[in-house]
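**Student:** The structure's right below; bear with me while I get my questions together.
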Amino acid sequence: MNVRRVAAVASKEWRETVRDRMFLSLAFLIPILWMLVFGYGMVLDVENIPYAVVDRDHSSLSRDYLYRFQQSRYFDFKGALTDEREVEPLLASSRIRAVIIIPEKFQERLLAGQAVGVQTLVDGTFPLRSDITKGYVIAINTAFSEELVVAHVARIKGLAPDRARQLIQPIKLEVRYLYNQEVKSAWTIAPALVMLVLTLAPPLLTALGIVREKERGSIYNIYSSTVSRLEFLVGKLAPYVAISAFNILVLWLMAVYLFAAPFKGNGLFFYATALLFVFITTGQGLIVSLLVNTQQAAAIITVVLSIVPTMLYGGLLVPVSALAPQTKVIAHLFPEMYFTNIVHGTFLKGVGIEVLWPDVSVLVVYAISLLSIGYWLFRKRPSV
Amino acid sequence: MMHAVRSPMLQAVWWRRISVMIVKELRQLFRDKALIGFFFWAFIMDVYLAGSGTSMQLVNAGLVVHDADQTVSSRELIYRFHQPYFRFDGLVDHPKDGLRRLDFGDDIVLLDIPPRFHEMLASGESTSVQMQVAATHSPQGLSAASYGARIVGEFGLEASARAMGLSANGNLSLPVVRSDHRIWYNPNQDESWFMSISEVLTITTIFAVLLPAAALVRERERGTVEQLLVSPLSPFQIMFPKVAAMTLVILAGTAMSLFGILHAIFNVPMKGSLALYFAMTTLYVFTTSGLGLMAATIANNQAQVSLMTILVVAPMINLSGTWTPPEAMPIWLRELMLLSPLHHFVNISYGIQLKGTGLDILWPSVLSMVALGGALFGFGLWRFRRQFR
């Protein structure tokens, strides 16, 4: 490998990129803009669930009960309905996502010490959201029931309320959250967004950069030159890797300072693994670019190939441990998951190579194999 | 364009030009073998993968237990942390070993049951159980804690009710509010329905924005657009067939995933009108391609247009209301997303398929989509014309 020839290819590529002002600015702007909108927009907390109520009891206890939903930041009160027939069009138009129906004799039965069922209709279109909604309703019901039961037991057994409470809830559950003590969704999302952006942007730049030459025909200059395959690929990829290497810093700064995610690990270790990940995604872009002939195809294929595994298997929205067994196997086939482990490990857990070595070694294998496949696929004597 | 069409003969010529151009676009597209191969992969395999086995609800949260009591009661409590929410991964001798498992990320919950747990429970004293939850993934951490609280609460209540003699043949005779849930539209909470529909939306959006945009810029980059412009074609007759051809292709793709995957494999219902669904998909593809065409008139080459459209497409896909609930987003972003055609199409698509809604309910979303599409398409056409005057 001749260093001067590599430098020549790299400087040619760099000049071409720099002269295309819009391409250059997009290469730096995309990570920043994505980080901004995703950081603010990808809120995993389910809040402000729009709901309506049907109160058939109209008692002071039912009002007291419903008041708890109005007080909750998880629910957004949209109105009281008088008839159950009004429910269907509202749910169908997605103007509300849940309806709480209080039966007749709600107060009477509860005061008599009997159990009452409150029906909740939930829009099941988005299963995660309906599941969480259900959980919130149960939590409110449990808290409400506990007070009633305490009062009831205190009355029939003639105990003081505190003693009754202790009898009813003999076990206290002390929950401690580790790594993300305040359970902020931003702490989960912001570091993972570094993964998302580094999965999407580098392969796109690379694939477009190479296919551009193929489509315009300027790659024949390379085919007929003395530049070897390896020299060409190294020189060609260097500017794109350099752009992404700079973007890693920007993304890290945004995650830590803008979204206030804690960074507990070793900065150097993080930077090294992020760079390793950039080599992988750049390698993906390289392989796509060698298999297609048009930039149109290159762009679409890279985007779908990187968005889909990231969203489904990357551990960004769905933790990999929650996947079904066969999906978990698929998730292990994509590099995204391992990098998410590293990102969450270094940011939130403050662990380093001593814990993350399995993930790092898988990434090393990926980087080496993807770049070798790219090298192997690239021919200076194209068959077509 | 339209005003120039007067006699029936001219009209026939007008339509003939359009159809010739559509055929040209289709041919050009089908010659790109890599792209066509990938088209099948995306609309069939990707949709299948997305629908099979991805779950966003709390399932299988790895649980390790440090049981310092080892009695009937403690075992009974552990037993209640069961599938599908928790996956019992065994006992640890020391809480430290459990924390290490959490560090590695294999497990996310460590339950610590104190010594004399059974004894204190039997004697009516209060005791406490510790639960350490890894909240690296915050919603999962919250769910795990809330399920845990529910399990421990019920366990304690039942134990004390038994002790006080308030439980009659297994039922508690206490004034509690029971939660009866009815889930509409997807009663079994089958996540493959949600996932596969959302994946079709994602793929449709990517293709709808990128295909026509790249096709238009490529024509300009190669200079072949000059040939078209010296022909008797109007700018509309050049731009419209591109979108029409891509729309046809994308509709075919949607039909493939709808009948081949969604209906055949995942049993996703089509509660509403199939014709309305396809009509709305057509409208959506048109609207969204307007976005690509607009970018195409600003960009100078394909690399630029690809980056520009992807800059917009990625947030559109992620923030339009399938993956994350729009209700929880900050107001400024929620309002910005009203400009995303996908935001409206999410309502329409899930509405027709799962809820069986028709135009009587969906018209506000449809109207917004038409307005957005009209504006984008009109702007793109105006820019395109101006560039070649």
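The values are calculated or read from the model by the stated rules, or taken from the named source; none is laboratory data. All values derive from a computational prediction rather than experimental measurement. Cβ placement follows ideal geometry from the backbone for every residue including glycine, while neighbour counts extend to all protein chains displayed. Ligands, DNA and RNA are excluded from the accessible area calculation, which covers all protein heavy atoms including side chains. Shrake-Rupley method; radii C 1.70, N 1.55, O 1.52, S 1.80 Å.
**Student:** Scanning the range A:131-168 for residues that are among the small types (Gly, Ala, Ser) and assigned to a helix (DSSP H, G or I), which turns out farthest from A:Val46 (Cα to Cα)?
**Tutor:** Within the range A:131-168, the match that is farthest from A:Val46 (Cα to Cα) is A:Ala154.
**Student:** Exactly one condition in (1) within 14 Å of another protein chain (Cβ to nearest Cβ); (2) outside any helix (DSSP H, G or I) is not met by B:Glu335; state its number.
**Tutor:** It is condition (2) that B:Glu335 fails.
**Student:** If B:Tyr85 satisfies every condition in (1) open to solvent by 20 Å² or more (accessible area, probe 1.4 Å); (2) closer than 30 Å to B:Leu233 by Cα but one, which is the exception?
**Tutor:** (2)
**Student:** From the list A:Leu290, A:Leu317, which residue is outside any helix (DSSP H, G or I) and either open to solvent by 10 Å² or more (accessible area, probe 1.4 Å) or at the interface with chain B (Cβ under 7 Å from one of its Cβ atoms) (or both)?
**Tutor:** None of the other options fit; the residue is A:Leu317.
**Student:** Would you confirm, using the coordinates I've provided, whether A:Tyr220 is more than 24 Å from the chain's Cα centre (by Cα), in a helix (DSSP H, G or I) and among the hydroxyl-bearing types (Ser, Thr, Tyr)?
**Tutor:** Criteria met by A:Tyr220.
**Student:** Residues in the range B:260-270: is at least one under 30 Å from the mean Cα position of the chain (by Cα), surrounded by fewer than 22 Cβ atoms within 10 Å (Cβ to Cβ) and either hydroxyl-bearing (Ser, Thr, Tyr) or assigned to a helix (DSSP H, G or I) (or both)?
**Tutor:** yes
**Student:** Here's a follow-up. Taking the stated definitions as given, is A:Thr199 within 8 Å of another protein chain (Cβ to nearest Cβ) and crowded, with 21+ Cβ neighbours inside 10 Å?
**Tutor:** no
**Student:** Restricting the search to the range A:340-384, which residues are out of contact with any Ser or Thr (no Cβ under 8 Å at 6 or more places or on another chain) and among the small types (Gly, Ala, Ser)?
**Tutor:** If the condition is that a residue be out of contact with any Ser or Thr (no Cβ under 8 Å at 6 or more places or on another chain) and among the small types (Gly, Ala, Ser), then A:Gly345, A:Gly350, A:Ser361, A:Ala367, A:Ser369, A:Ser372, A:Gly374, A:Ser383 are the ones that fit.
**Student:** Continuing with this model, one more query. Could you tell me which of the residues B:Arg80, B:Arg101 is surrounded by fewer than 18 Cβ atoms within 10 Å (Cβ to Cβ) and either within 17 Å of B:Glu154 (Cβ to Cβ) or in contact with a Leu (Cβ under 8 Å, 6 or more places away or on another chain) (or both)?
**Tutor:** On inspection, the qualifying residue turns out to be B:Arg80.
**Student:** Do we find a residue being within 23 Å of A:Leu128 (Cβ to Cβ), outside the structural domain of B:Glu199 (by TED's automatic domain parsing), in contact (Cβ under 8 Å) with a residue 12 or more places away in the chain and surrounded by fewer than 21 Cβ atoms within 10 Å (Cβ to Cβ) anywhere in the range B:109-129?
**Tutor:** no
**Student:** Give A:Lys380, A:Lys349 a once-over and let me know the one that is closer than 21 Å to A:Gln181 by Cα and touching a residue at least 24 places away in the same chain (Cβ under 8 Å).
**Tutor:** Only one candidate passes the filter, namely A:Lys349.
**Student:** Going through the range A:286-316 one residue at a time, which ones are closer than 17 Å to A:Ile189 by Cα and touching a Pro at 6+ places or on another chain (Cβ under 9 Å)?
**Tutor:** The one that is closer than 17 Å to A:Ile189 by Cα and touching a Pro at 6+ places or on another chain (Cβ under 9 Å): A:Pro309.
**Student:** Would you mention how many residues in the range B:204-237 are more than 15 Å from B:Phe286 (Cα to Cα) and of a type in the set (Val, Ile, Thr)?
**Tutor:** 4
**Student:** Exactly one of these conditions fails for A:Val149: (1) more than 36 Å from the chain's Cα centre (by Cα); (2) facing chain B (nearest Cβ under 8 Å); (3) open to solvent by 10 Å² or more (accessible area, probe 1.4 Å); (4) aliphatic (A, V, I, L, M). Give me its number.
**Tutor:** The single condition A:Val149 does not satisfy is (3).
**Student:** Residues A:Gln284, A:Gln296: which one is in the same structural domain as A:Val365 (by TED's automatic domain parsing), modelled with pLDDT under 95 and open to solvent by less than 30 Å² (accessible area, probe 1.4 Å)?
**Tutor:** Going through A:Gln284, A:Gln296 in turn, the sole match is A:Gln296.
**Student:** Related question: Filter the range B:184-214 down to residues that are within 8 Å of chain A (Cβ to nearest Cβ) and at pLDDT below 85 and give me whichever is nearest to B:Thr247 (Cα to Cα).
**Tutor:** B:Ala214
**Student:** Which numbered condition trips up A:Thr125, out of (1) within 33 Å of the chain's Cα centre (by Cα); (2) of a type in the set (Ser, Thr, Tyr); (3) open to solvent by 20 Å² or more (accessible area, probe 1.4 Å)?
**Tutor:** Only one criterion in (1) within 33 Å of the chain's Cα centre (by Cα); (2) of a type in the set (Ser, Thr, Tyr); (3) open to solvent by 20 Å² or more (accessible area, probe 1.4 Å) is unmet by A:Thr125, namely (3).
**Student:** In this structure, is A:Ala245 surrounded by fewer than 17 Cβ atoms within 10 Å (Cβ to Cβ) and part of a helix (DSSP H, G or I)?
**Tutor:** So A:Ala245 passes the test.
**Student:** Out of the residues in the range A:266-281 that are crowded, with 20+ Cβ neighbours inside 10 Å and among the aliphatic types (A, V, I, L, M), state the one that is nearest to A:Gly374 (Cα to Cα).
**Tutor:** A:Ile280
**Student:** Which of the helices (runs of 4 or more DSSP H) found entirely inside the range A:1-87 contain at least 3 residues meeting this: open to solvent by 20 Å² or more (accessible area, probe 1.4 Å), at pLDDT 90 or above and closer than 20 Å to B:Trp332 by Cα?
**Tutor:** Correct list: A:21-41.
**Student:** Continuing with this model, one more query. For B:Thr247, work out the one condition from (1) open to solvent by 10 Å² or more (accessible area, probe 1.4 Å); (2) more than 13 Å from chain A (Cβ to nearest Cβ); (3) touching a residue at least 40 places away in the same chain (Cβ under 8 Å); (4) in contact with a Phe, Trp or Tyr (Cβ under 9 Å, 6 or more places away or on another chain) it doesn't fulfil.
**Tutor:** (1)
**Student:** Considering the range A:332-354 alone, what residues qualify as being more than 9 Å from chain B (Cβ to nearest Cβ), over 13 Å from the mean Cα position of the chain (by Cα) and not aromatic (Phe, Trp, Tyr)?
**Tutor:** A:His332, A:Leu333, A:Pro335, A:Ile342, A:Thr346, A:Gly350, A:Gly352, A:Ile353, A:Glu354
Conditions tested, residue by residue: (1) of a type in the set (S, T, N, Q); (2) free of Cβ contacts under 8 Å to residues at least 60 places away in the same chain; (3) more than 10 Å from chain A (Cβ to nearest Cβ).
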| residue | (1), (2), (3) |
| --- | --- |
| B:Ala314 | no, yes, no |
| B:Ile331 | no, yes, yes |
| B:Tyr350 | no, no, no |
| B:Gly373 | no, no, yes |
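**Student:** Looking only at the range B:352-367, count every residue that is more than 7 Å from chain A (Cβ to nearest Cβ) and over 13 Å from B:Tyr277 (Cβ atoms) and tell me the total.
**Tutor:** Selection size over the range B:352-367: 5.
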